[in-house]
Each structure stands twice: as structure tokens, then as C-alpha cells.
Amino acid sequence: MTEKDLLISWLNDAHGMENALIKVLDHQVKDAQDFPHVQAKLEQHLEQTRRHAEMVKGCIETLGGKTSTIKTGMATLFGQMQAISTGPAKDEMVKNALADYAAENFEIASYTALIRAAEDLNDQQTAAVCQQIRQEEEEMARWLQQNLPTLVQQTLKAVTTR
Ligand SMILES: [Fe+2]
Ligand SMILES: [Fe+2]
């Protein structure tokens, strides 16, 4: 295995992660129908996530690699998040936000590693794409952190008035 092969394999992990998150976010957009402000943000990040998957695929192809459909590492876990996030629970908005916050931070870590690897291999193009993606993950993580307290308050209120 060469360094380039390893970079391609990490990009494939990121591609699998983005694809898994498309499914998770798709569910969450539906869960959030009573919270228009949250729903709009989730819809926006769903679009961004679809774009991330395409951008990462582009990097893989530019490097002469192929996207694989084998789910590795976090892609499998994120696939399971979907099962956690759906159910009759009335606190699903909070649970979804916690899972999303974890997912965004995992994405930030993944792209940080990819940027370093791409730079080490002198692949400025991949590094630039990953930097662009990471900015949107950071923005989403910040939004979640800022909005979590309000979501918790709203959920507590909804429970007591039910
Ligand atoms: Fe992403
Ligand atoms: Fe994300």
C-alpha cells in the first residue's frame, strides 16, 4: 500500500460517512416538522452533506481511485444513529441534536486528518476541498452547540404541559 492508497482509503471512509449522514439528516428533517427553525437548518445541512459526498467522490476520482460502497468505521455507526433517532420518544429533538453534535465533531476530526494527509502528499487540491467542507461542519457544530439549550428547554416545557 502506498501513501496515496491510504489517502484514497481515508477519503472513502469520509465518503461513506457523508452518505450515511444523508440518510440520518433526511429522517431528522421529518422529525423536526414542529420546529421550523431547526428543520430549515437541517435541510440546509442535508444539502451541504449531499455536496460533501460529491466533492469527496471527486477527490477520490481525481486521485485515480474508486468509491467503494463498503461501509467502514463511522459510516456503520451513523447508519445506526438513524435507528436511535426514530421512535415514539418526545425528546427526539434533543437526542437528534446530541447525535448530530457528535457526528459533526467526528467529521471535523476526519477532515482535519485528511487535510494533513493531503498536504503531506502535496495534494493541494484535496486539501483545499477538505478545508472547504470542514468549514461547513464547524459552522453546523457551532449552531448545534448554540441551539441545544433552547431545544432542551422547549422539550422540558412540552413534557410538563402535556
Ligand atoms: Fe459533511
Ligand atoms: Fe456535517
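With the other protein chains left in place, how much accessible area per residue, in square angstrom, belongs to the chain at a 1.4 angstrom probe?
Details: 8930 Å² over 162 residues.
Accessible area per residue, the chain: 55 Å².
Taking a 1.4 Å probe, which of E92, E137, E54 shows the most accessible area, and what order do the others take after it? Before the final figure, lay out the partial values.
Values: E92 40, E137 0, E54 115 Å².
Greatest to least solvent exposure: E54, E92, E137.
Considering only protein heavy atoms and a probe of 1.4 Å, how much of the accessible area of the chain is carbon and sulfur, as a whole percent?
Values: 4910 of 8930 Å².
Using a 1.4 Å probe with all protein chains present, the chain comes out at 55 percent carbon and sulfur.
Distance between the C-alpha centers of segment 85-162 and segment 5-31? Whole Å please.
Taking the Cα centre of each part, segment 85-162 and segment 5-31 sit 12 Å apart.
Roughly how big is the chain's charge dipole about its Cα centre, with Cβ charges of +1 (Lys, Arg) and -1 (Asp, Glu), in debye to the nearest 20? Display every interim value, and only then the final one.
Values: 16 positive and 23 negative charges, 110 e Å.
Dipole of the chain, to the nearest 20 debye: 520 debye.
If each of L156 and Q131 carries a label point 7 Å out from its Cα toward its Cβ, how far apart are those two points in nm?
The answer from the label model is 4.2 nm.
For n ≥ 4 DSSP H runs only, could you compute -39500 (n - 2.57) per run for the chain, divide by its residues and tell me the 222 nm figure to the nearest 500? Mind showing how you got there, number by number?
Values: 5 runs with 135 residues, N = 162.
About -30000 deg cm²/dmol.
Describe numerically, in nm with one decimal, the distance between label points set 7 Å from Cα along Cα→Cβ at K4 and at L121.
Placing both labels 7 Å along Cα→Cβ, they lie 0.8 nm apart.
Lys/Arg Cβ at +1, Asp/Glu Cβ at -1, dipole of segment 3-161 taken about the Cα centre: which of I133, M55, A20 is farthest positive-ward?
With unit charges placed on the Cβ atoms, the residue in question is A20.
Is there a pair in K41/K95; K23/K90; K23/K57; K23/K157 whose C-alpha atoms are over 26 Å apart, and which pairs would that be? Kindly include the intermediate steps, with their values, before the conclusion.
On the way: K41/K95 16 Å; K23/K90 21 Å; K23/K57 17 Å; K23/K157 29 Å.
Result: K23/K157 exceed 26 Å.
The values are calculated or read from the model by the stated rules, or taken from the named source; none is laboratory data. This one's a predicted model, so the numbers in the text were calculated from it and none came from an experiment. Here the Cβ is made from the backbone with ideal geometry for all residues, glycine too, and neighbour counts use every protein chain on show. In case anyone asks, the SASA skips ligands and DNA or RNA and just uses the protein heavy atoms, side chains included. Shrake-Rupley method; radii C 1.70, N 1.55, O 1.52, S 1.80 Å.
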